[in-house]
Amino acid sequence: MPIVSSTPATSVTAGNVYSFTPTATNATSFSISNKPAWATFDATTGSLTGTPNNTNVGTTVNIVISATNSTGTVSLAAFSITVAMLPDTTAPVVSAFQVPATSTILVVPVTTLTATDNVGVTGYLLTDTSTAPSVGATGWSSTAPTSYTFSTAGSKTLYAWAKDAAGNASTSLVATVTVDATGPSLTLSTLADGAITNNSTLNISGTVSDPDGVAAVTINNASVSIAADGSFSSAITLHAGPNTITTVAVDTLGNQTKDIRTITLDKAAPVLTVTSPADNSVTAQQLVTVTGTINESSTVSVTVNSGTPQQASIAGTGFTQDVALSARLNTITIVATDLATNSTTVKRTVTYDNIKPSLTVTNPVQDITTSQSTLTLTGTVSDAFSSVTVIIAVDGRTFTPTVTQGAFSQQLTFSAEGTHAVTVTATDQVNNSSVNATRNIIYTLPKPHVAINATTSPTTSTSQTIGGTMDAGSLVAVTPAPPLLSDR
């Protein structure tokens, strides 16, 4: 049987050589079980050798080396080998680090990031400051990051770091990037958003600038020429109703600035209806209320003659405004103007009449006494602005004679003797009334007429026939006179 002796070393420091060859007699070959992965074994000599590194730190147990010849096999006692970590003072090296030169977003992609280490890289970190981070700082990742998020835009410097398990940290590798997430500065000179116009051609002018350069300006997807100073101007044709105008400025990095506004083309004038006063009307009131309606959002101004326009009060679609009239003829001009400055004008002619009619009774010219049962009352009236109505009142009766070219007449009939008060009043269209003209007519019945035929007198006859004539319808009574004293 083989004879095997000696005791193997049971520990080694990473980076150092481990070697063990057993002392054996009469051995023709050797074998091993549970060989450490970092070691090699010579079956001829039984030698176990190898140089572990820090990745092999740990213990391999139950290692058994056996010697064999033709008579049998003899084994050393099982043993263990512990690999202790070699102190690592070599820092990793960031070998490659790249980011795009420009970015339009704050999240910048990492194009390339690689690092090497004598033992192994265990962590990666990106910072935007040059201060070296501690290996225990937050943010280290076991794999290379694919992006970095900046808090602000601008010209940025990014630092890439690497660390190993021993706590060694690399120096940084630097990459620069310009982060521009802001579109160009765009200023427009045109109608405001929500504006209404009656001009079908809309001019849009403006200026545009950007630190990275302006690539293009479009208005409703049509390119616009940009002058060297950044100014531009373009005209578009509006269609009836709302129009969406979209102006887009793009810088060389692709950042956009948009201006979207709605402009409404309205070429239709507002519908203006004046309900009062009526045209060609006459009034005795100096203050007149102008009222009416409009069919769309508008302002309404009311002007009397050549005076200052007054803005009417508007509630819903209705409007109202009180205006003072001048004596005689007044022209009231009502103008409705919509938001697009389309306007409609309506005129009203109103005569302010505050003058009483003139009245004269020409027959009778004064109070009279008459035995005639009928009387034709006549007179004249006049008014500067309107026609006149004459009312004659007598004995509870009223008459409205026709006025022709300022003259009137009315036949009055008196049925009873006595004083008949006749009142004449003239009233114009706006109820201005004249001072009443009064005539007192005293009516007396006429005395009947009697004519007696001639008689014989003196006479000795005891009787005599008396005759004569009288008014038709009259009665005659003959009463003898009492005898004279001389006849007795």
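The values are calculated or read from the model by the stated rules, or taken from the named source; none is laboratory data. Not measured: the values here are computed from a predicted model. With ideal geometry, Cβ positions are generated from the backbone for all residues, glycine too; neighbour counts draw on all protein chains shown.
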*asked:* Can you say whether Thr40 is surrounded by 13 or more Cβ atoms within 10 Å (Cβ to Cβ), modelled with pLDDT of 95 or more and more than 30 Å from Asp128 (Cβ to Cβ), as far as the supplied structure shows?
replied: no
*asked:* Can you confirm whether Val350 is surrounded by 12 or more Cβ atoms within 10 Å (Cβ to Cβ), at pLDDT 90 or above and within 30 Å of Phe319 (Cα to Cα)?
replied: yes
*What is the residue count in the range 8-51 for residues that are without any contact (Cβ under 8 Å) to a residue 24 or more places away in the chain and part of a loop (DSSP other than H, G, I, E, B)?*
4
*Of residues in the range 46-65 being polar (S, T, N, Q) and at pLDDT 95 or above, the one nearest to Ser29 (Cα to Cα)*: Ser47
_Close pairs from the range 101-116: first over 30 Å from Asp88 (Cα atoms) and in contact (Cβ under 8 Å) with a residue 12 or more places away in the chain, partner among the polar types (S, T, N, Q) and in a loop (DSSP other than H, G, I, E, B), Cβ under 8 Å, at least 6 apart_ = Thr104/Asn255; Leu106/Ser151; Leu106/Thr152; Pro109/Thr146
*Would you check if Thr344 is surrounded by fewer than 15 Cβ atoms within 10 Å (Cβ to Cβ), touching a residue at least 24 places away in the same chain (Cβ under 8 Å) and within 18 Å of Leu272 (Cα to Cα)?*
no
_Within the range 353-369, take every residue that is among the polar types (S, T, N, Q) and surrounded by 15 or more Cβ atoms within 10 Å (Cβ to Cβ) and give me the one that is nearest to Pro309 (Cα to Cα)._
Ser358
*Does Ala132 satisfy being of a type in the set (A, V, I, L, M) and either within 30 Å of Pro92 (Cβ to Cβ) or in contact with a His (Cβ under 9 Å, 6 or more places away or on another chain) (or both)?*
yes
*Which of (1) surrounded by fewer than 16 Cβ atoms within 10 Å (Cβ to Cβ); (2) within 30 Å of Thr201 (Cα to Cα); (3) of a type in the set (Gly, Ala, Ser) does Ala315 not meet, given it meets every other one?*
(2)
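Residue-by-condition table, conditions (1) free of Cβ contacts under 8 Å to residues at least 60 places away in the same chain; (2) outside the structural domain of Asn255 (by TED's automatic domain parsing); (3) under 42 Å from the mean Cα position of the chain (by Cα); (4) assigned to a loop (DSSP other than H, G, I, E, B):
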| position | (1), (2), (3), (4) |
| --- | --- |
| Thr152 | yes, yes, yes, yes |
| Thr157 | yes, yes, no, no |
| Ala162 | no, yes, no, no |
| Thr171 | no, yes, no, yes |
| Val174 | no, yes, no, no |
| Leu202 | no, no, yes, no |
*Picking from Thr252, Thr182, Thr178, which residue would you name as being surrounded by fewer than 18 Cβ atoms within 10 Å (Cβ to Cβ), in contact with an Asp or Glu (Cβ under 6 Å, 6 or more places away or on another chain), modelled with pLDDT under 95 and of a type in the set (Ser, Thr, Tyr)?*
Thr252
*the range 270-290, residues that are of a type outside the set (Asp, Glu) and either touching a Cys at 6+ places or on another chain (Cβ under 7 Å) or surrounded by fewer than 18 Cβ atoms within 10 Å (Cβ to Cβ) (or both)*: Val271, Thr273, Thr275, Ser276, Ala278, Asn280, Ser281, Ala284, Gln285, Gln286, Leu287, Thr289
*Pick from the range 353-373 the residues that are among the β-branched types (Val, Ile, Thr) and not in a strand (DSSP E or B): which of them is modelled with the highest pLDDT?*
Val365
*Counting only residues that are among the hydroxyl-bearing types (Ser, Thr, Tyr) and part of a strand (DSSP E or B), which one in the range 52-82 is surrounded by the fewest Cβ atoms within 10 Å (Cβ to Cβ)?*
Thr59
*Within the range 83-131, work out how many residues are outside any strand (DSSP E or B) and under 60 Å from the mean Cα position of the chain (by Cα).*
12
*Leu339 is checked against (1) closer than 30 Å to Gln321 by Cα; (2) buried (at least 18 other Cβ atoms within 10 Å of the Cβ) and fails just one. What number does that condition carry?*
(2)
*asked:* Looking at Thr389, Thr369 in this structure, which one is free of Cβ contacts under 8 Å to residues at least 40 places away in the same chain, assigned by TED's automatic domain parsing to the domain that holds Val435, of a type in the set (Val, Ile, Thr) and within 30 Å of Arg439 (Cα to Cα)?
replied: Thr389
